[in-house]
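Colleague: Sharing a structure, written as structure tokens. Questions coming.
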Amino acid sequence: MSSGDESRRPNPLPSALVSNLQSVLAARRPPPPEDAGATAAVAETSATAPAADDAPSKPVVLLTCAGGIQSPGLAALVDALVKGGRCDVHVCAPESDKPVCGHYITIRETVSATSVDFTGAKAFEISGTPVDCISLGLSGRLFAWSAPALVISGINAGPNCGYEMFHSSAVAAAREALMCGVPSIAISLNWKKDETKDSDFKDAAGLCLPLIHAALADIEKGTFLSGCLLNIGVPSSPAANKGFKLTKQSICSPAQSWQAVSTSRPTPASHFMGMHQSLGIQLAQLGKDASAAGAARRGNTQRKTVEVESVAAAGKPETREVVKKFFRAEFVEKLHEGLDEDIDLRALENGFICVTPLSIHGCVEPELETPASDWLSAALAVDKEKEASPVVAEEQDATDVAEEKESPAT
């Protein structure tokens, strides 16, 4: 058949479909040359348009706290940062108190994230550990931003000095951020029962705020310390502190006391029970502890008789006794003697705010000690200048007023 016959062959497609296809193809054609400039202008306008509402306009600070989403230390730190106005505050904290989980991370189990109301901050409570919180927060799955400028773990109740850093969930969370390439700070208050008050967290946050602002400024300039995190310890009476001191990590390990208990009942993970529980719960706790002591005196055993298959020649089943015991460990305070003045524990006990640089592996390398010392001195100097500037301005205004009064009228 000739080509002319083919051109006269009827189109098998419906006319309406052909019309729609032609419209779509026409819409996809490139613009004519005279419209290219307008298209470029539109593209440039889109590139320079402001970010979406959920995108942060200030440096992002991601917070977590081993004490949990409802801890007073976290609330005090969020309040201080929000009022400071230098950063956008995001919170990703455990739903409950998890102070001594170390670097535990949840694998192959579902972790939930539930939004929580925090004035001035976007917050989620996580059904995992503090390290889970930081890992999830940095994953890009929870928040709109790609990465925060700074991660802060705190303010946590109890010191994180010496080898306590290996148990501490607070330091582990900051270490997780450092491992991911994000600068981090861990802050703790040297909580002492019957001495420290919840209001001391607010004072601790105010004391640490200048260092946080200095860190953010240097992070933006690319001059902040690299290869280490800052472990800040605030003394038990923050308002009576003796100032900041750059310290070294001690080699002291926390003392543990193992006690026999009657059952495997769950107990609070920290020894700060008195500040959170009601009197009735405390009395019940005392009763249970008394039962535990009685159980320990009776031999501290729970016996169960089980039958097992025997391979004896007689072929008869034999019985054996299975002994199951329950214990509970708690940290106890101990005196530290013979420590140098620049050791974290000694400085904290003497009333100083200790600032200890820590690498991922623990003690910081000697070559980082001098840069850390220089950075701390510069940060504190800037803060002192800011404090002094209003005073100088007031004195200058008073001098000008006095000169005006002394000058003769013209």
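Colleague: Could you tell me the calculated FRET efficiency between S226 and T106, based on Cβ-Cβ distance and R0 = 30 angstrom, to the nearest 0.05? Intermediate values should be presented prior to the final figure.
Modeller: On the way: r = 29 Å, r/R0 = 0.97.
For S226 and T106, the calculated efficiency is 0.55.
Colleague: While we're looking at this one, here's another question. Show me the GluC sites (Glu not before Pro) within region 168-250 that DSSP assigns to loop and that have at most 15 other Cβ atoms within 10 Å of their Cβ.
Modeller: Details: sites: E176, E195, E220; in loops: E195.
Those that pass, being in a loop and sparsely packed, are E195.
Colleague: Separate question: Tell me the label-point distance for the pair E318, S96, using the 7 Å Cα-to-Cβ offset, in nm and rounded to one decimal.
Modeller: Using points 7 Å along Cα→Cβ, the separation is 4.3 nm.
Colleague: When the solvent-accessible surface of protein heavy atoms is calculated with a 1.4 angstrom probe, in what order do M165, M179 fall, highest first?
Modeller: Values: M165 5, M179 105 Å².
The most accessible residue leads, giving M179, M165.
Colleague: Once ligands and nucleic acids are excluded and a 1.4 Å probe is used, how much of S377 is accessible, expressed in Å² to the nearest 10?
Modeller: About 70 Å², rounded to the nearest 10.
Colleague: Can you sort R108, R328 by solvent-accessible area, 1.4 Å probe, largest first? Spell out each step's value before the answer.
Modeller: On the way: R108 230, R328 40 Å².
Listed by decreasing accessible area, they come as R108, R328.
Colleague: Could you state how much accessible area W375 has, in square angstrom rounded to the nearest 10, with a 1.4 Å probe and all protein chains kept in place?
Modeller: 20 Å²
Colleague: In addition: Which value, in Å² rounded to 10, gives the accessible area of K98 with a 1.4 Å probe and all protein chains present?
Modeller: So the heavy atoms of K98 present about 50 Å² to solvent.
Colleague: Consider a paramagnetic label point 7 Å from the Cα of S146 along Cα→Cβ; state which residues of region 57-73 have an amide N under 13 Å from it.
Modeller: Answer for this model: none.
Colleague: Another one. Starting from the residue with the highest accessible area, list F166, F201 in decreasing order, probe 1.4 Å.
Modeller: Working: F166 115, F201 5 Å².
Largest accessible area first, the list is F166, F201.
Colleague: Can you list the residues of region 212-253 with backbone N under 13 Å from a point 7 Å past the Cα of K58, pointing along Cα to Cβ?
Modeller: Only 213-214, 216-217 fall inside the zone, counting backbone N under 13 Å.
The values are calculated or read from the model by the stated rules, or taken from the named source; none is laboratory data. Predicted, not measured: the structure shown is a model, and the values here were computed from it. With ideal geometry, Cβ positions are generated from the backbone for all residues, glycine too; neighbour counts draw on all protein chains shown. Note: accessible area is taken over every heavy atom of the protein model, side chains too, but ligands, DNA and RNA are not part of it. Shrake-Rupley method; radii C 1.70, N 1.55, O 1.52, S 1.80 Å.
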